[in-house]
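Taking it in order: structure first as structure tokens, then the write-up.
What follows is calculated from the coordinates using simple rules that are stated; it is not laboratory data. The shown structure was predicted, so the numbers you read here are calculated from the model rather than taken from an experiment. In this analysis, Cβ positions are derived from the backbone assuming ideal geometry, glycine residues included, and neighbour counts consider all displayed protein chains.
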Amino acid sequence: MRDDRQNADPLEIAARRARAFLASLPGRPIAPAADAPALRARLATALPDGPSAPAAVIAELAEALEPGLLASAAPRFFGWVIGGTLPAAIAADWLTSAWDQNGAAYALSPAAAVAEEVAGAWLKEIFGLPAEASFALVSGCQMAHVTALAAARHHLLAARGIDVERTGLHEAPRFRILLAETRHESLLRAIRLLGFGLDSITLLRCSEAGSLEPAALAEALAEDGRPSILCLQAGELNTGAFDPFIPAIALARAAGAWVHVDGAFGLWAAASGRFRPLLAGVEGADSWACDGHKWLNLPQDCGFAFTAHPASHRAAFAQTTGYALLAEDTRRALDWNPEWSRRARAFVVLAALRSLGRRGLAGLVEQSCTACARLATGIAALPGAALVAAPIINQALVRFRDPAGRDDDARTEAVAAVVREEGEAWFGTALWRGRRVMRISVVNWRTDLVQAERAVAAVARALARLDRGAAREPG
Ligand SMILES: *Cc1c(COP(=O)(O)O)cnc(C)c1O
């Protein structure tokens, strides 16, 4: 065996292991088998002095790592908002690594540059964004926020005669940044990184479902002379709620504010005729952020930023480099991204969109929403369970009553923990309006009604197990 590995092809070994892992996903326990000490015992060997045969390295490394994998790509994984990976996207990702193209410029990879042009155009078409919007393929929605808000920073300050790329924020007035109280934390980090500071944030009251109330917005947007950014949500993390884009954007326009939309997963609702009305008016914003690695089911490390102001976007990122070769560049990929060298992210985007087509993409979105609805009603019908937020799209919240009448938060936490421990399904919990809830997020192409039923049964078993445990320990 060892000798085999000396001469074997590491790619063959990787392909074999990858196939076995993917085939195991529908059946394997979702929770990892190994904890940190067990993984350290396997991995924290002395740094090797000399080389090893690549095939042996891959076989041994995979052996050591696999027990520590969370099967988040499995069809009954409902934690956070994490998709699986479409078969075509995995294969394209392998080729992306093998081809090792640097996505920074046309001269470095005409294939990557043109694929990126096409990906940008297709994504704008799917999301219903203006055809002339600028875009960047970044690592995820976090960096999409940074990219879009850097464009906003340039735009709002240039209008006040300030060249922020030259002077920084030293000569700038304080910004006013309006966020929903339910905003995703990644926006806060973008605000910190761009120098606005967390003190520039005003949190806005939301409805029970987690969307902005136009009345609160009108009050907060009252003109005060400061450069202002309003962040709206297309798909709130817990409930999937959509902000009322038409009135919110009209109010922001009147106040001269830049409107940014966090549509990490919710922007994909545009792919389905059934859900597209939730996004009515979203195209009127100034910038949009979305993820490829959530609902499109790309491998991790792909997000999209778009802006309606290409000149401001470019001004925030353009490099006046002396590289003569870059002069040939059509789009100058380097000018729209925060990174210099980067992965050719468009290959997986094109692979996923070609493999799904418009109908497949709509089908994926609708199947996820249908499965989420089944999970929500199925779980809510179990003893002691209650629906806290019915799905608007693919997200829902449930909660469990403590039969002893003591602590529903602890009961909810315990139910999720027992489900995870059994391994058949995986749910996380969150704090929603001061109460502990179990969150259901469905964004995986493998999750259908059959998988939803199996997960409901897993929750029923967890409840029964908790009650048997309680019966055994009276008091
Ligand atoms: C996941 C998520 C983000 C952050 O996206 P990353 O791709 O993890 O950087 C931002 N906003 C919302 C609503 C999200 O669900």
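Quick look at the numbers
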| read-out | value |
| --- | --- |
| Translational diffusion of the range 49-126, µm² s⁻¹ [Kirkwood Rh, Cα pairs; Stokes-Einstein; 10 °C; 1.306 mPa s] | 98 |
| Whole-Hz couplings from phi, Karplus 6.51/-1.76/1.60, listed for the range 36-45; x for Gly and Pro | 4, x, 5, 5, 4, 4, 7, 9, 7, 7 |
| Largest-first principal axis extents, alpha carbons of the range 424-471, Å | 39, 28, 12 |
| Percent of beta bridges antiparallel (DSSP, the chain, rounded to nearest 5) | 60 |
| The chain: C-alpha pair distances exceeding 38 Å, % | 31 |
| Taking all pairs of distinct alpha-carbon atoms in the range 52-206, Kirkwood radius in angstrom | 19.8 |
| Pair-distance profile P(r), taking every C-alpha pair of the range 374-425, with 10 angstrom steps and integer % | 25, 52, 22, 1 |
| Largest-first principal axis extents, alpha carbons of the range 297-392, Å | 69, 28, 23 |
| Spherically averaged projected area in nm², based on the convex hull that wraps the Cα atoms of the range 1-113 | 10.1 |
| Relative pair counts by distance (%), Cα atoms of the range 235-367, 5 Å bins | 2, 9, 15, 19, 18, 16, 12, 7, 3, 1, 0 |
| Tail fraction, Cα-Cα pairs, the range 218-291, threshold 16 Å, whole percent | 46 |
| Percentage, to the nearest whole number, of Cα pairs in the range 179-234 over 18 Å apart | 34 |
| Sites excluded, trypsin sites (Lys or Arg not before Pro) in DSSP loops with at most 14 other C-beta within 10 Å, longest stretch of the chain | 1-159 |
| Share of alpha-carbon pairs per 10 Å distance bin for the range 122-225, given as whole % | 13, 36, 39, 12, 0 |
| Residues with amide H under 5 Å from that of residue 177, placed H, sequence gap 5 or more | 201, 202, 229 |
| Residue 331 long-range amide H proximity, modeled H, under 5 Å | none |
| Two-decimal Rg to Rh for the range 82-121 - Kirkwood Rh, Cα set | 1.03 |
| Largest-first ellipsoid semi-axes for the range 384-475, taking √(5λ) over the Cα gyration tensor eigenvalues, angstrom | 23, 17, 10 |
| MRE, 222 nm, helices only [DSSP H, n ≥ 4, -39500 (n - 2.57), over the chain, to nearest 500] | -13500 deg cm²/dmol |
| Under-5 Å amide H pairs with residue 304, H placed in peptide plane, nonlocal only | 138, 290, 291, 292 |
